[in-house]
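This report concerns only the one structure given below.
The values are calculated or read from the model by the stated rules, or taken from the named source; none is laboratory data. Keep in mind the model is a prediction, meaning the values are calculated, not measured. Positions of Cβ are backbone-derived with ideal geometry, glycine not excepted, and every protein chain shown enters the neighbour counts.
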Amino acid sequence: MLSRALLSAVAPLLFWIAYAAFRSRWLRHSGRKQRWVMGTLRLAADVGYRRALSVYGHLLFLRGDSPQSKIQGGIYLERAAQQGDMKAQYQVGRIYEQGFEFYFRADTDKALHHYRAAAAQGHALAISRLADAAAQGELGLQPDAAEAARWRALMPGA
């Protein structure tokens with residue numbers, strides 16, 4: 001078995017090869033390809049490579065076939081969010097806003113934290129959600145038209 005240090009060094013390469021295979025049309029419906037891609041993404045994620053954590057977590061959470069795989073996906077997403085991945089931060093904000101199963105209980109403070117972290121990096125959906133929350137008084141916020149306008153002004157193309 002490869003040492004953890006060596007795996008950490010090659011994780012970006014493994015991720016990009018697996019991601020390219022995932023995105024390619026070659027063997028699109030192959031179960032063998034899918035198992036290889038998911039295994040390779042998991043290997044890169046398990047050594048902490050941020051992009052792999054995010055992509056693998058999204059695949060598990062959004063396409064998982066059981067609550068357990070979706071929870072595992074949420075855990076990978078949370079790790080990616082802690083490392084600063086804005087897509088994962090937004091998704092974890094959604095998970096905490098809605099709650100999922102017993103593992104991710106609805107928590108507006110955590111949802112706001114992750115939405116704000118994603119918005120600070122320019123994630124359009126996070127900015128939009130914060131503007132809506134400020135305008136409607138959602139996520140534990142008081143309705144505040146000025147705050148909603150401030151968020152809307154940060155929207156790309158605004």
Residue match in the range 44-63 (condition: of a type outside the set (S, T, N, Q), at positive phi and without any contact (Cβ under 8 Å) to a residue 12 or more places away in the chain): no
Cβ-Cβ under 6 Å pairs, at least 6 apart or on other chains, the range 113-134 side closer than 15 Å to Gln82 by Cβ, far side surrounded by fewer than 16 Cβ atoms within 10 Å (Cβ to Cβ): none
Entirely in the range 45-158, the helices (runs of 4 or more DSSP H) that have 3 or more residues that are crowded, with 23+ Cβ neighbours inside 10 Å and in contact with a strand residue (DSSP E or B) (Cβ under 9 Å, 6 or more places away or on another chain): 86-98
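Determine whether the range 7-14 contains at least one residue that is at negative phi, at pLDDT below 80, part of a helix (DSSP H, G or I) and of a type in the set (A, V, I, L, M).
Of all residues in the range 7-14, those at negative phi come to 7-14.
Still in the running and at pLDDT below 80: 7.
If we keep only those that are part of a helix (DSSP H, G or I) too, we end up with 7.
The next check asks that each one be of a type in the set (A, V, I, L, M); those that pass are 7.
Scanning the range 7-14, I find at least one residue that is at negative phi, at pLDDT below 80, part of a helix (DSSP H, G or I) and of a type in the set (A, V, I, L, M), so the answer is yes.
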Those residues of the range 95-113 which are in contact with a helix residue (DSSP H, G or I) (Cβ under 6 Å, 6 or more places away or on another chain) and of a type in the set (A, V, I, L, M), in sequence order: Ile95, Ala111
Failed item in (1) touching a Gly at 6+ places or on another chain (Cβ under 9 Å); (2) modelled with pLDDT of 95 or more; (3) more than 26 Å from Met155 (Cβ to Cβ), with Arg63 passing the rest: (2)
Conditions (1) at pLDDT 95 or above; (2) within 16 Å of the chain's Cα centre (by Cα); number of the one not met by Phe100: (1)
Checking Gly64 against (1) in contact with a Phe, Trp or Tyr (Cβ under 8 Å, 6 or more places away or on another chain); (2) under 26 Å from Ala18 (Cα atoms); (3) not aliphatic (A, V, I, L, M), the condition it does not meet: (1)
All positions within the range 1-23 that are over 18 Å from His58 (Cβ atoms), loosely packed, with under 14 Cβ neighbours inside 10 Å and among the small types (Gly, Ala, Ser): Ser3, Ala5, Ala9
Test: residue in the range 135-148 that is under 30 Å from Ala9 (Cα atoms) and polar (S, T, N, Q): no
Filter result (hydroxyl-bearing (Ser, Thr, Tyr) and over 20 Å from the mean Cα position of the chain (by Cα)) within the range 1-40: Ser3, Ser8, Ser24, Ser30
